[in-house]
Amino acid sequence: MSGDGRHHGAGARPLDDPIELQVIVGALRAACEEMGATLVRSAHSANIKERRDASTALFDRDGEMVMQAEHIPVHLGSMPAAVNAVLALGQHPDVSWVLNDPFAGGTHLPDITVVTPIFVGAPRARLGQAVLQNTDTGHSPTPAGPLIGFAASRAHHADVGGRVPGSMPADSGTLEEEGVVISPRVLDAATIEELVAQMRNPRERRADLRAQLAANRTGALRLVELAERVGVGRLEEAMDAVLEYAERRARACIAALQDGVREAEDVLEAPEGDLVLRLKATVEGERLVLDFGGSAAQHDGNLNCPLAVTLSACWFAVRVLTDPDIPPSAGAYRPVEVVVPRGCLLNAEPGAAVAAGNVETSSRVADLVLAAFGRALGQGTMNNLTLGNDDFTYYETLGGGQGACEDADGPSGVHVAMSNTLNTPIEALERELPLLVNEYSLRRGSGGAGRQRGGDGVVRELEALSDMTFSLIAERRRHAPPGAGGGEPGERGRDTLIGADGEALRLPAKATGRLQAGERLRIETPGGGGCGPPPERDDLHPDQPDRCGDGPMGRIHV
Amino acid sequence: MLLGVDVGGTFTDAVLVDEDGSVFTAKAPSTPGEQQAGVMAAVEACLARARAGRHAGEVKRFAHGMTVATNALLEFSEGRPPARTALVATEGFTDVVELGRQARASLYRLCEAGPPPLAPPQLRFGAPERMGPAGPLRELDPRATERLLERLAQAQPEAVAVVLLHSYAHPRHERRLGELIAERLPDAHLSLSHELVGTFREYERASTTEVDAALSPLLATYLRRLGRQATELGLPAVQVMQSSGGLTDAGRAAAHAALTVLSGPAGGVGGALLLSEATGEREVLCFDMGGTSCDVCVIEEGRVAETAQRSVAGRPLALPALDIHTVGAGGGSIAWRDEGGALRVGPASAGAIPGPACYGLGGERATVTDANLLLGRLPPVMGSPRMGREDAPLAGTLEGTGGMRLDRGAAERAVGALARELALDPIACAEGIVRVAETEMRRALMVMTVERGIDPRRFALMPFGGAGPLHAAAMAAELEIERVLCPRACGVLSALGLAAAAARRDVSSTVMLAGAALTSDSLAGELTELVERATAELDEPPARVDVRYELRYRGQSFELTVAAELDPRDLFGGGVVLAGDTLHAGERPPVDPARLREAFEEAHEQRYGYRDERAEVELVNMRVSALGAPPPLSLRGIATQPPTRASQEIVFDGEALEAECLRGELPPGTRLEGPALCALPDSTLLIPPGWGGAVDEYGTVVLDRIT
């Protein structure tokens, strides 16, 4: 899926054993979930433990993702890229790979991925045994059978070096400014030490990397057990069958959509001006082509996306539009082709800064796909706020309004798309940091009116109790999240710096600055778009088809 | 005599345990909406079965597990509010219950809503005050408070929840507001967050307090009605099972309904614990499967795993609860073919009405029970030969007192239809349904063991509930467990657990002690206060006092628990016995921060693989549980009537094997070898080939893997 940016899969083959299929699906899913539990349990950083910003997956020996434990949507499509990046490098038992290069299997630098090849015949650890201790990762001469697949785990590390704590600078212009770039390489004890030495809090980084290795070992153990139980040949057939099963179900869902071309256009609010993104979505029988031709070129800021992030966002949206119950395997995305010209903002060239691409641009890509299919849109941003001084760094993201659906109002005050991380309790925040929360409430009425209302955004006002810097990366400050089928747009987001004397200064969508003790930062997050004409204004939309969901053909512009 | 009554989704079970260890059981249909009717029917049926001449006045204790609070929460999600509930919170933060932790309910179903707030926006009021972590930032404004009380009174709430920021540490404003609200609204129920929860993290505390306020009026009404009827019959005052696995009196349960939200499943775990103690098996995996769901919990070193927080219907409850994991796989789970051509089972269930097709009550879709019947894994007549008329509503074709005759033809039609859709042989399809359902059950068992770093192979599996014993051996084989313990009362184990339960009080506090503040004196001070509160509320001398210290390295945002036990002879001496300590007679163990740190670091190393000797250790929360003495209870002296024996074909791996079918109670010493089927009074135990064992002195069937 690198190179020309085309990604599509092979054809289907029927499977004749509906029982074995479901049992294997269950076993693979359980294995991925156990990997995830191991990772969350053994990691150290709060980002992984509390916010669950991590994913785990199992792959077949050709690098096709057969199952994934679902935690964070933004990892969906980018896990296969990581395995693809190491596929040709030659595999040995007990030799794992590590990478974070957004242009060689990664997403943005804080997301570090560990990939472990799985061989049958390797020594079996005991069921339930703590695999954590075995963190020696040197080459071992263990005689082993054939390669049967890969285990991969990805976690958002709290820091990977670079210019600012947290490795998420609001104003980076090159990838190097954002932290240590790890091209795919063998992960052994020496590598761990070399890498963590370049990052803040090396002890925590070491623990998190070891947790990822432990997770992969868990996955490997379970896949080997399965191979021993059913036989290597049968397991391979079964993994093929799982991929094909997911593909069949995805094809059935796409076939239910009306054939035709849908277009959508939207913008990103870069400091230098709006960057236009375009999508042409074509449904043709059981196939869906998402073509982003005509979108803005890569820019000098950090809203750029590597292709893997764009794919993740597309697959998130496809999952929303089809059936979320389809097993999360690569098969589900075979009927979907994503076309992104190289050098475009959504398929940036190596070396481009990408910190905000993963958190913000990804949301807009998902919005484009949802809008093309007539959905009302959610807040479309994560409202990333970083505060800090010499004594502390604090990063939070804020929920907002979800777009309304055909049959339900949009939920209020939630993460709407590519993220689903938790907030920090006020009582914890105020105990730990020189901050006082003056208000945390729903921004009533900010959701777009409609037959179904868009969700409301939130209001969060923080007061600095000592001097600090702030960095805000947000979107939907200039352009409101649109409704659908005659529904009204949600309110735009609004950020205000309030001086100790009460004087208010409106901030741009991307802002950095200083807060002195007594100064306040008031963030009002966007509401979601409404769906269908508001009941009291039916007469204003006589010609609008009032459905949202798999909507009418036509152009949708913001 | 001890009486335990457990209300389930389909049946209400009653168990009487006599002084000589005789156990009498009875079932009556549950009566949702008026649970006391089913409770009294089961009690009377049970008394009638106890030997002649015994009456209600001889019942020494009446312990009750119920689902009134749980059901009200679940039904509220469908739009029926239990009580008109108001929320008073610090100004600027009244949306705390709606904002939650900002995560959406479902990753891809974007409009799936979280649980609706019990106190709607128009019934939320801002309190004119603000506490910070170190104390008041804004004093409670008297004039604005008066206006607040006025508006609150006008809203006419039936219940009020008060949740002020940082009240866990500084409850002064919350307490004062509580007094003023109680004066102004004497008839409204009042729940104060610091009294109920006492720990930090405002959303979890608010959610718990809101649930407490909203459900308490309903629970109070129920317990008042039940109490009146019980008194008329001559029964003692009712004791209510809490989510923590201990009993409390009706008054306290009515005042704090949040304590009893998981009352139902807690009884079964108590029953399992009782059997675990009796048989000396201290490592037991409990597997409770009924018609709609399957509950799993772990007994390790003779103690049930507990948690300080659980979610019910999407709402966090920051109160101690038994750590029980539930999945939607039961006998009534419906099998279906999805659009990808795979055989699926659940989560939809046929429930009690219409139930599985073979119940003959109009169900047409194949369920796990129908599949089991076709495979010969159920007796043709299910239920107790002593089952009386009270079971009639479920028993479509009752024959005399013979239990319920299952309709094999209906099961064949239902499974056959699905088999045709899947192009399978009906028997292969039936085996497939069971296998797929067992995959789901296996996942629940894995979550509670392997995913928590516990090796299931050193455990015995204890199945109970109507369907647990049917799948136990298969589950054991999957997890490489060598031993299955099927209790005699497996069909009514929850009610038995209630009869045997002890009283319990839990209190907790966020203390945030670290560095120079974490001293022997400060520890002893906090501990004394908590122990005094817990024991004062127990109303009897404590037989055991447990302390849980929740600690972390400073800067972490999660805590690890260090469990300890107080010396019951010297509660206020401040002596703390950490798990693993050996105490010598007369020795007083110290409350020593260094030992606490050591215990924490050991736990941290075990769980996360390292210690951080340079980091400061912070004591975040302390929790104290005071437990009363469990009633003396012996389980020996069971019926010795031999079971009837017949033969039946059972399908295993596509092959029909001739198997013995035993019907009725199994006297101690009875030897069993698979393939065999035991039609117990309230449940069915399947013994596959390769398993065998005997009935022990308590009536427990002990099965071991022999091949």
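Taking the number of other C-beta atoms within 10 Å as the exposure measure, put A:F373, A:F392 in order starting with the fewest.
Working: A:F373 23, A:F392 15.
Final ranking by Cβ density, sparse to dense: A:F392, A:F373.
Short version: what are the Cα gyration tensor semi-axes of chain A, square root of 5 times each eigenvalue, largest first, in whole Å?
Details: eigenvalues 281, 189, 76 Å².
For chain A, the ellipsoid semi-axes come out as 37, 31, 20 Å.
Per q in 0.12 Å⁻¹, report the Debye log10 I(q)/I(0) for the range B:179-329, using one uniform scatterer on each alpha carbon and no solvent.
For the range B:179-329, the Cα-only Debye profile gives -0.60.
By what distance, in whole Å, do the Cα atoms of the protein assembly as shown stretch along each of the three principal axes, largest value first?
Result, largest extent first: 92, 75, 71 Å.
How big is the antiparallel share of DSSP beta bridges in the protein assembly as shown, given as a percent to the nearest 5?
Details: 180 of 222 bridges.
Restricted to the protein assembly as shown, the bridges split so that about 80 percent are antiparallel.
What would the Debye formula give as log10 I(q)/I(0) at q = 0.23, 0.24 Å⁻¹ for the alpha-carbon point model of the range B:602-707, no solvent?
The Cα Debye sum returns log10 ratios of -1.27, -1.33.
For B:G360, enumerate residues with amide H under 5 Å from its amide H, sequence gap 5+ or separate chain, H modeled in the peptide plane.
Amide H neighbours of B:G360, under 5 Å, 5+ apart: B:D407.
What is the Cα convex hull volume of the range B:216-290 when expressed per residue in Å³? Working shown, then result.
On the way: hull volume 8.9 nm³, N = 75.
Considering the Cα atoms of the range B:216-290, their hull volume per residue is 119 Å³.
Report the one residue of B:M512, B:P456, B:S683 whose Cα lies farthest in the direction of the positive end of the charge dipole of chain B (charges on C-beta: Lys and Arg +1, Asp and Glu -1; origin at the Cα centre).
Value: B:S683.
So what's the back-of-envelope 222 nm ellipticity for the protein assembly as shown, counting only DSSP H runs of four-plus at -39500 (n - 2.57) apiece and dividing by all residues, rounded to 500? Numbers along the way, then the final one.
Numbers: 25 runs with 345 residues, N = 1265.
Calculated at 222 nm, the ellipticity per residue is -9000 deg cm²/dmol.
Give the average, rounded to an integer, of partner chain Cβ atoms located within 10 angstrom of each Cβ in A:410-422.
Numbers: counts 3, 9, 5, 7, 10, 4, 2, 3, 0, 3, 6, 3, 6.
Counting other chains' Cβ atoms within 10 Å and averaging over A:410-422 gives 5.
Using Cα pairs closer than 8 Å and at least 6 residues apart in sequence, work out the relative contact order for chain A, in percent. Before the final figure, lay out the partial values.
Working: 1531 pairs, mean separation 79.9, N = 558.
Reported as a whole number, the value is 14 percent.
Place the peptides A:185-197, B:688-700, B:321-333, B:497-509 in order of packing, highest mean first, counting for every residue the other Cβ atoms within 10 Å and averaging per peptide. Before the final figure, lay out each step's value.
On the way: A:185-197: 16.2, B:688-700: 19.5, B:321-333: 23.2, B:497-509: 24.9.
Packing order, densest peptide first, comes out as B:497-509, B:321-333, B:688-700, A:185-197.
Express the relative contact order of the range A:275-396 as a whole percentage, based on alpha carbon pairs under 8 Å and six or more residues apart in sequence. Display every interim value, and only then the final one.
Details: 185 pairs, mean separation 37.4, N = 122.
It rounds to 31 percent for the range A:275-396.
Could you derive backbone 3J(HN,Hα) for the range B:467-482 from the dihedral phi with the Karplus parameters 6.51, -1.76 and 1.60 (θ = phi - 60°), listing whole Hz in sequence and x where the residue is Gly or Pro?
10, x, x, 6, 10, 5, 5, 5, 5, 4, 4, 4, 9, 6, 8, 8
Beta carbons within 10 angstrom, averaged per residue: use that to sort the peptides A:58-64, A:488-494, highest first. Write out the running numbers ahead of the final one.
Working: A:58-64: 22.4, A:488-494: 25.4.
The densest-packed peptide leads the list: A:488-494, A:58-64.
Inside 10 Å of the C-beta atoms of B:85-97, what's the mean count of C-beta atoms belonging to other chains?
3
Relative to the present Cα-Cα distance, how much length would full extension add between B:R80 and B:E482 at 0.36 nm per residue of separation? Don't jump to the answer; show the numbers that get you there.
Numbers: separation 402, 0.36 × 402 = 144.72 nm, distance 4.71 nm.
Taking B:R80 through B:E482 to full extension adds about 140.0 nm, to one decimal.
In terms of the Cα gyration tensor, with a ≥ b ≥ c the square roots of its eigenvalues, is the range B:621-683 rounded because a/c is under 1.5, prolate because a/b exceeds b/c, or oblate? Don't jump to the answer; show the numbers that get you there.
On the way: a/c = 4.54, a/b = 1.91, b/c = 2.38.
Since a/c reaches 1.5 but b/c is at least a/b, the shape of the range B:621-683 is classed as oblate.
Under a plain spin-label model, where a point goes 7 Å from the Cα along Cα-to-Cβ, how far apart in nm are B:E232 and B:T326?
3.1
Principal axes first, then extents: for the Cα atoms of the range B:313-379, list largest minus smallest coordinate on each axis, whole Å, largest first.
Principal-axis extents of the range B:313-379 (Cα, largest first): 44, 34, 22 Å.
If packing is taken as the average number of other Cβ atoms within 10 Å across a peptide's residues, how do B:189-198, A:308-317, A:426-435 rank, most packed first? Intermediate values should be presented prior to the final figure.
Numbers: B:189-198: 24.8, A:308-317: 28.6, A:426-435: 19.2.
Output ranking for B:189-198, A:308-317, A:426-435: A:308-317, B:189-198, A:426-435.
For a distance above 15 Å, tell me the whole-number percent of Cα pairs in the range A:295-351 that qualify.
Details: 815 of 1596 pairs.
Distances greater than 15 Å cover 51 percent of the Cα pairs.
Name the residue farthest towards the positive end of the dipole of chain A from the options A:V40, A:G273, A:A215, assuming +1 on Cβ of Lys and Arg, -1 on Cβ of Asp and Glu, about the Cα centre.
A:A215
Give me the one-decimal Kirkwood hydrodynamic radius in Å for the range A:250-318, with the sum taken over alpha-carbon pairs. Show your work: numbers first, answer last.
On the way: mean 1/r = 0.0738 Å⁻¹.
Hydrodynamic radius (Kirkwood, Cα only) of the range A:250-318 equals 13.5 Å.
Which FRET efficiency, nearest 0.05, do A:F392 and B:R143 yield, Cβ-Cβ r, R0 41 Å? Mind dumping the intermediate values first?
Numbers: r = 39 Å, r/R0 = 0.94.
Here the calculated transfer efficiency is 0.60.
Roughly how many nanometres apart are two label points built 7 Å out from the Cα toward the Cβ at B:R671 and B:S520?
Those two pseudo-labels are separated by 6.2 nm.
Give a residue-ordered list of calculated ³J(HN,Hα) values for the range B:100-112 (Karplus: 6.51 cos²θ - 1.76 cosθ + 1.60, θ = phi - 60°; whole Hz; x for Gly, Pro).
x, 9, 6, 7, 7, 5, 9, 4, 10, 8, 5, 9, 5
Based only on other Cβ atoms within 10 Å, what is the fewest-to-most ordering of B:T279, A:T512, A:T322? Numbers along the way, then the final one.
Values: B:T279 18, A:T512 15, A:T322 22.
Listing B:T279, A:T512, A:T322 from fewest to most nearby Cβ atoms yields A:T512, B:T279, A:T322.
Whole number please: convex hull volume per residue of the Cα set in chain B, in Å³? Numbers along the way, then the final one.
Values: hull volume 119.6 nm³, N = 707.
Value for chain B: 169 Å³ per residue.
Enter the Cα centre distance for the pair the range A:161-187 and the range B:197-230, rounded to the nearest angstrom.
Measuring centre to centre over Cα atoms gives 51 Å.
Which value results when the Cα radius of gyration for the range A:190-313 is divided by 2.2 N^0.38 Å? Numbers along the way, then the final one.
Working: Rg = 22.3 Å, N = 124, 2.2 N^0.38 = 13.7 Å.
That ratio works out to 1.62.
Relative contact order, percent, of the range A:409-549 when contacts are C-alpha pairs under 8 Å separated by at least 6 residues?
Details: 372 pairs, mean separation 41.3, N = 141.
Relative contact order of the range A:409-549: 29 percent.
Given a Förster radius of 30 Å and the C-beta distance between B:A134 and B:R544 as r, what FRET efficiency does 1/(1 + (r/R0)^6) yield to the nearest 0.05? Walk me through the numbers on the way to the answer.
Values: r = 36 Å, r/R0 = 1.21.
Computed FRET efficiency for B:A134 and B:R544: 0.25.
Are there any GluC sites (Glu not before Pro) in the range B:1-73 that are in a DSSP loop and have at most 14 other Cβ atoms within 10 Å? List them by number. Don't skip to the answer; put the middle values down first.
Details: sites: B:E19, B:E34, B:E44, B:E58; in loops: B:E19, B:E34.
Here the sparse-neighbourhood loop sites are B:E19, B:E34.
Grab the eigenvalues of the alpha-carbon gyration tensor for the range B:49-202, scale each by 5, take roots, and send me the semi-axes largest first in whole angstrom.
They are 34, 24, 17 Å, listed largest first.
If each residue of separation counts as 0.36 nm, what is the full-extension length gain between A:A517 and A:A255 once their alpha-carbon separation is subtracted? Each step should come with its number before you reach the end.
Values: separation 262, 0.36 × 262 = 94.32 nm, distance 5.87 nm.
Value of the extension gain: 88.5 nm.
What does the convex hull of the Cα atoms come to per residue for the range B:67-123, in Å³? It would help to have the intermediate numbers written out before the result.
Working: hull volume 6.5 nm³, N = 57.
About 114 Å³ per residue, rounded to a whole number.
Can you report the principal axis dimensions of the range A:367-485 using only the alpha carbons, biggest first, rounded to whole angstrom?
Over the range A:367-485, Cα extents along the principal axes are 49, 23, 23 Å.
Rank A:A241, A:I254, A:A297 by how far each Cα sits towards the positive end of the charge dipole of the range A:190-316 (+1 on Lys, Arg Cβ; -1 on Asp, Glu Cβ) and give me just the farthest.
Value computed over the given set: A:A241.
Calculate the length of the line joining the C-alpha centroid of the range B:46-74 to that of the range B:447-487, in whole Å.
30
Once you average over the residues of A:21-33, how many Cβ atoms of partner chains fall within 10 Å of each Cβ? Before the final figure, lay out the partial values.
On the way: counts 5, 11, 8, 2, 5, 7, 3, 0, 2, 8, 1, 0, 4.
Per residue, the number of nearby Cβ atoms from other chains is 4 on average.
According to a simple spin-label model (label point 7 Å from Cα along Cα-to-Cβ), what is the distance in nm between A:H92 and B:R54?
7.3
Every read-out reported here was derived from the displayed coordinates using simple, explicitly stated rules and does not represent laboratory data. The shown structure was predicted, so the numbers you read here are calculated from the model rather than taken from an experiment. Virtual Cβ from ideal backbone geometry, glycine too; neighbours counted across all protein chains shown.
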